[in-house]
Every structure is written in structure tokens, then in C-alpha cells.
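Chemist: This is the structure I have questions about; it appears just below.
The values are calculated or read from the model by the stated rules, or taken from the named source; none is laboratory data. Keep in mind that what you see is a predicted model, and the values were worked out from it rather than measured. We place every Cβ from the backbone using ideal geometry, glycine too, and count neighbours over all the protein chains shown. Surface accessibility is based on the protein's heavy atoms, side chains included, excluding ligands, DNA and RNA. Shrake-Rupley method; radii C 1.70, N 1.55, O 1.52, S 1.80 Å.
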Amino acid sequence: MTIRQLRNYIDGRFEDGTSTFDKHNPVDGQRIAQVHEASREQVNRAIAAAHRALPAWAGLSVEARTDHLLALADGITRRFDDFLQAEIGDTGKPISWASKIDIPRGAANFRAFAELARTLDMESYMTDTPDGRQALNYAYRKPLGVVGVISPWNLPLLLLTWKVAPALAFGNTVIMKPSEVTPSTATLLAEVADQAGLPVGVLNLAHGFGPDSAGEFLTTHPDIDGITFTGESATGAAIMRAVAPGVKPVSFELGGKNAALVFADADFDAAVDGVTRSVFSNCGQVCLCTERVYVERPIYERFVAALAARARDMRIGWPLDPNTEMGPLVSREHREKVMSYFALAREEGATVVAGGGVPVFGDARDAGAYVQPTIWTGLKEDARCIKEEVFGPVCHVAPFDTEEEAIRLANDTRYGLAAAVWTQNLTRGHRVAQAMKVGLAWVNCWFLRDLRTPFGGSGLSGIGREGGRHSLHFYTEPTNVCIKL
Ligand code: NAD
């Protein structure tokens, strides 16, 4: 098997790093790539290149700039299989998921923000003046500048392009710092940009880790104009400290401890289906995944039994098998974290209704990072397993008696990202969704996304919103122009 070399892309050139690290796949632990870690000097050069490229890129007509974005989308689509194999190699996620979600949505991000940049209106007001005349105010928006994009490993291409696309669409230049755990598709994106003729310096790529590596070199650089970050809440706090001396704007999409509320009047089968997806998709490694399920008492026992049956029947397997529903976790290291919560749940008094361990295959996958889909009941609401994000294929199910109690339980968390409400009572659906202290509330669905809507969370789940015109607000600085008429 050939070991791929994953290089940095700086000022239009692919460059070796000054050191390298290995990337192993999580299916059978094999080494699949050697990653070239960017040095501080390389990150500095990437930032300098992005500054040189900025005036011309920001000065392009919207039409010309968005044509470049569409070329990136086409480039991803043309190399769909390369992207698919790379994403599966890095993460072990099932082809059924990666081929429908990660790669198509990666390309769709460029199309969506190209479209948005072409059609946006401008904020303006007519103002009465003391002399009986009027003034016209309009908010002229300029690019933020050179933006650092730091992304996680769970949806590597999708979450990277979710930030790169609007940054470029609104005239910024970019340094990408993908997760060290999933460096492959970012490298392919740099290749696509190179081949598509994106102007030199507009999009740069620096591989590496967080502390004392490319992540920190980026966030502490005085010439970075803003940082957009998706990842763990604790990392968000570290980045906030790093940018504080320069008072740099940040956009943070962080962790979650999301609730699903299932009312007795829900379409039972649809709710079981939906909650199964929201707990186990991508092996539970989506920030929007459900980890706390609250079920109205009359259907509680039946719901737990149905969910447990779905967990036990889940097809865990090779990612390239089209029938596989769940692959491994992203790495052995992450599995250690998830398994520590499996042990903690038992200590905290959980009943393990399904899973709770590691599947045994009797083949090469035993060297991978698989865990069983797991369901707990019986934990107290102040248990750490109820309060802390696990980020694996696991949830706790608890009963509730009243709507007020359900809302109180769901909101009793320092996170504030997502919730899903399952009910056939339309009024209740609106009422409970609006009462959720989250950025995203779904009713009778989950993970349904329109890229124009605000995306993000509050509390430990983040700062700010991206999506549609919310992305415009982060990636641009307005100058209000006031003209006396
Ligand atoms: P992570 O915070 O460990 O890493 C994310 C990125 O930050 C990586 O590129 C990493 O190298 C970099 N990084 C780490 N320390 C840094 C530092 N000190 N300075 C600069 N960069 C640093 O997150 P992860 O484990 O890759 O991703 C999983 C987490 O992401 C989960 O908590 C999940 O909930 C969250 N997430 C949130 C959303 C959302 O939209 N809210 C989406 C996906 C994932």
C-alpha cells in the first residue's frame, strides 16, 4: 500500500514540512499517510501570502469571484471518488454516509455561498434630518481580511468548506488548518484550488496540531484578521485566550449535549427512526447528535425497547460495504475517551440497555476503533455522563411526566446547540421548540439543513452564527456611509 504524502499549500506551492507525523486509519489501524507539519515560519509565510493576495481578490467583481467558487465545487465533484476514498480512509465512516453527506455537501457549500454572494442586498435607511431634509445611510461591507479556518475531524470536508466557502465568497483570503486526525480532504481541496486556477495566496493550507503547532501559530499571529473555529469547547476557550491580546473576532461552533424530547403523541415509528439516526449517525460524532433522550412516561418502556432493538441490530462493519450503517470511531485515542465514559456510566449507576463494549470481529477490524452502539437508562440528572459531551454512539434515555418538566430537563445543560422535539401536536411542537435554549431546534426531524438559516449555539456550544447572511456578518466589516441629501 502506498503511503500518501500530505503537504502544505503556501503561496501557490505544495511544500514539505520541517517535520512529519503519521496518519493511521481507524478501521484496522494501518498507516495510510505521512503528514507534513507546517513550521511557524511556514504559517507566517502563508499569512503573508494571504495578505498579498487580499487586495486583488477582494477587488474582483462578485461575478468573477463566485465563478472561482463554482470552479472549486466542480473540482470536488469531478474528483468525487478521490475525496470519498480520502474521507473514508481518514475517518472509517460508512460509504453510505460519506457519499451522501460529506462530499456532496462539501461541494454544495461552495455553490450555496456563491449564490448567496450574488444575490445579497445591502442594509440601508432613509433618515430625517433636523433641517427637514433627509440622509441616506447604507452599510458598505468589506472583507474581514485574512481569515484562519480551524476545523475538526468529524465531518472534515463539510465543516472546512462550510467556513472556507463564505470566507472566499465575501472577499477574504484564507489559511486552512484542518484537524491533524483528518488531513486528507483538505489537501485534496488545495489541489483542486491549484488546478482550478484560484489566484496564488488566496487559499493556503497549513497542516499540524493545536498547541505549539500550526493552530497556535495561526491564532497568535498579529496579522490574522479573524478566526473561525469548529471543535471542542475547551479548545475554543484556548483560542479565545490566544486572540485576546489582538482583540480578533472569532466565530465558534463548539460541542453539544443535545436533547431529544419524545411526547406520547409522537408518530412512534418516525420518532424511533429519527432518534436512532440522531444518536448513531457518523458513530455519534456529529456535534448535533442526541446524547440525552427524554420520553413521556406512557410510551417510555416501549420506546427504550424499540431504540435498544435498533441499536442491537445496527450493522457495524467495513466502511466500503454499502450495507454498513456504523463504522469505527475516528481513532483509538478517541475510543479510549468514549470507553472511559462507558466505564463511568456503570460507576454512576447506569443500566446498560444495549452495547457498552467493543465488538469482536475476528479479523483486521479488531485493530481498529470500533465500539458498540450503546444505550443507558437510570442515571441521575447530575451524573457526569448526563452533563459532559461523549461524542460517541451513545445516549441516555429518561422518562418525563409533563411538558414543563421535559423543557426543564432539556435546558439543564451548559451547552446550547441543538434539540429535537417529536410530537404530532403542532402547537406543542412550536411551543417546546421555541422554549429550547439552543441555536437549532428541530420538530419531527433532525439534521435537516438549509444553508441560509442561522447555524451555531450558545453557552459552551459557541459564539455567533454562520449560514446565509449570518456568515456575511462574520466574514465582513461594515462601514456605515451617511450621505446628506
Ligand atoms: P478539537 O477542538 O480537538 O480540534 C479542532 C481543531 O482545533 C483541530 O484542527 C485542532 O488541531 C485545533 N486545535 C486544537 N487545539 C488548538 C489550539 N490550542 N489552538 C489552535 N487550534 C487548536 O476538536 P475535535 O476533537 O477535532 O472535534 C470534535 C469536537 O468538535 C466536539 O466537541 C464536537 O462537538 C465539536 N464540533 C462542533 C460543531 C458545531 O458546529 N458546533 C461541529 C462539529 C464538531
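Chemist: Cross-link partners among lysines for K93, C-alpha distance below 30 Å, same-chain residues fewer than 8 apart left out?
Modeler: Cross-link targets: K23, K163, K177, K257, K337, K387.
Chemist: In the stretch 26-114, carbon and sulfur make up what percent of the accessible area (probe 1.4 Å)? Please report the intermediate quantities before stating the final value.
Modeler: Working: 1800 of 3260 Å².
For the stretch 26-114, the apolar C and S fraction of the accessible surface comes to 55 percent.
Chemist: For the stretch 259-443, report the accessible area per residue in Å² (1.4 Å probe, heavy atoms, rounded to an integer). Mind showing how you got there, number by number?
Modeler: On the way: 7470 Å² over 185 residues.
Computed with neighbouring chains in place, this is 40 Å² per residue.
Chemist: Accessible area of the stretch 259-443 with a 1.4 Å probe: how many percent of it is carbon plus sulfur?
Modeler: Numbers: 3690 of 7470 Å².
It is 49 percent, rounded to a whole number.
Chemist: Going highest first, how would you order 120-130, 197-207 by mean Cβ packing within 10 Å? Spell out each step's value before the answer.
Modeler: Working: 120-130: 10.1, 197-207: 23.1.
Order by mean packing, descending: 197-207, 120-130.
Chemist: I would also like to ask the following. Work out, in µm²/s and without decimals, the Stokes-Einstein translational diffusion coefficient of the chain at 20 °C, 1.002 mPa s, Rh from Kirkwood over C-alpha pairs.
Modeler: Working: Rh = 23.4 Å.
For these conditions, the coefficient is 92 µm²/s.
Chemist: Can you give me the pair-distance distribution of the stretch 259-443, C-alpha pairs, 10 Å bins, whole percents?
Modeler: P(r) over the stretch 259-443, rounded to whole percents: 10, 39, 35, 13, 2, 0.
Chemist: For the chain, what is the calculated [θ] at 222 nm in deg cm²/dmol (nearest 500), taking -39500 (n - 2.57) for each run of four or more DSSP H residues and dividing by its residue count? Don't skip to the end; give the middle numbers.
Modeler: Working: 15 runs with 186 residues, N = 485.
Only helices count here, giving -12000 deg cm²/dmol.
Chemist: Just check the stretch 51-126 against the gyration tensor rule for me: Cα atoms, a ≥ b ≥ c as the square roots of the eigenvalues, rounded for a/c under 1.5, and otherwise prolate or oblate depending on whether a/b exceeds b/c. All intermediate terms of the calculation are to be shown ahead of the outcome.
Modeler: On the way: a/c = 3.00, a/b = 2.06, b/c = 1.46.
Prolate is the answer for the stretch 51-126, as a/c is 1.5 or above and a/b outweighs b/c.
Chemist: So for each of 454-467, 273-286, 156-169, 211-224 I average, over its residues, the number of other beta carbons within 10 Å; can you give me the resulting order with the highest mean first?
Modeler: Working: 454-467: 21.6, 273-286: 23.1, 156-169: 27.7, 211-224: 19.4.
Ranking the peptides 454-467, 273-286, 156-169, 211-224 by packing returns 156-169, 273-286, 454-467, 211-224.
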